[in-house]
1. Suppose we keep only residues that are surrounded by 14 or more Cβ atoms within 10 Å (Cβ to Cβ) and acidic (Asp, Glu) within the range 69-104. Which one would you say is nearest to ASP54 (Cα to Cα)?
2. State the number of residues belonging to the range 60-86 that are of a type in the set (A, V, I, L, M, F, W, C) and either on the phi > 0 side of the Ramachandran plot or out of contact with any helix residue (DSSP H, G or I) (no Cβ under 8 Å at 6 or more places or on another chain) (or both).
3. Looking only at the range 117-131, decide whether some residue is crowded, with 22+ Cβ neighbours inside 10 Å, of a type in the set (Gly, Ala, Ser), within 14 Å of the chain's Cα centre (by Cα) and modelled with pLDDT under 95.
4. Could you please give the count of residues in the range 150-162 that are crowded, with 19+ Cβ neighbours inside 10 Å and outside any helix (DSSP H, G or I)?
5. Based on this model, can you work out whether CYS144 counts as farther than 27 Å from ALA31 by Cα and crowded, with 17+ Cβ neighbours inside 10 Å?
6. Would you pick out the residues in the range 22-37 that are among the hydrophobic types (A, V, I, L, M, F, W, C), out of contact with any helix residue (DSSP H, G or I) (no Cβ under 6 Å at 6 or more places or on another chain) and surrounded by 15 or more Cβ atoms within 10 Å (Cβ to Cβ)?
7. Of LEU174, LEU165, which residue is aliphatic (A, V, I, L, M), under 18 Å from VAL30 (Cβ atoms) and either surrounded by fewer than 21 Cβ atoms within 10 Å (Cβ to Cβ) or modelled with pLDDT of 95 or more (or both)?
8. Out of ALA85, ALA94, report the one residue that is farther than 24 Å from TYR22 by Cβ, without any contact (Cβ under 8 Å) to a residue 40 or more places away in the chain and assigned to a helix (DSSP H, G or I).
Amino acid sequence: MRRTAGRPADAQQRAPREQRVYELLDRLGVAYEYVDHPPARTMEDCLEIDRVLDAVICKNLFLCNRQQTQFYLLMLREDKRFRTAQVSKEVGSARLSFGTEEYMEQFLDLSPGSVSVLGLMNDHGNRVRLLMDEDILRGEFFGCHPCVNTTSLRLRVSDLTEKILKEIGHEPVLIKVQEG
């Protein structure tokens, strides 16, 4: 496993959702590096990827309220735990839980295990609000999937906040997630 700069040479043979990520990043002039790896389904799977990328891999959780009328993508550092009560209170919502696979596919064109902030590029109806742990902004780089869980990207946090999110029309709601 090694980190490589720019678009993969075989990008045209990859899944359409992954290809769209590279097209967006290239169009915006965002520098990125990638690493291919076996499917990463858990944060434990990401430990070696984290080391190779030299970036904090973020947890990206697809959430909804009890009525399934409000949807969120929570982006937090890998060393933090999702506590439903705390995050629900931060955003003023009924108790949050994990959103269904059907809504994840419908709104973000993602499948379980591949949830990524970059999936918001597919949320054309702005149905999903981005919740971002403020500690992510303290780092220079972060890692995420390009909408598939067999590749991970290394991106600058500033490119996410100043270019990518502005282009796809998602303003993050900053929250403070407690350690541990």
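The values are calculated or read from the model by the stated rules, or taken from the named source; none is laboratory data. Since the structure is predicted, the reported quantities are computational estimates derived from the model, not experimental observations. Because the Cβ atoms are built from the backbone with ideal geometry, glycine has one as well, and the counts that use them run over all protein chains shown.
1. Per the criteria, the residue is GLU78.
2. So the answer is 3.
3. Checking the range 117-131: not a single residue is crowded, with 22+ Cβ neighbours inside 10 Å, of a type in the set (Gly, Ala, Ser), within 14 Å of the chain's Cα centre (by Cα) and modelled with pLDDT under 95.
4. 5
5. No.
6. Correct list: LEU25 only.
7. Answer to the check: LEU165.
8. Going through ALA85, ALA94 in turn, just one is farther than 24 Å from TYR22 by Cβ, without any contact (Cβ under 8 Å) to a residue 40 or more places away in the chain and assigned to a helix (DSSP H, G or I): ALA85.
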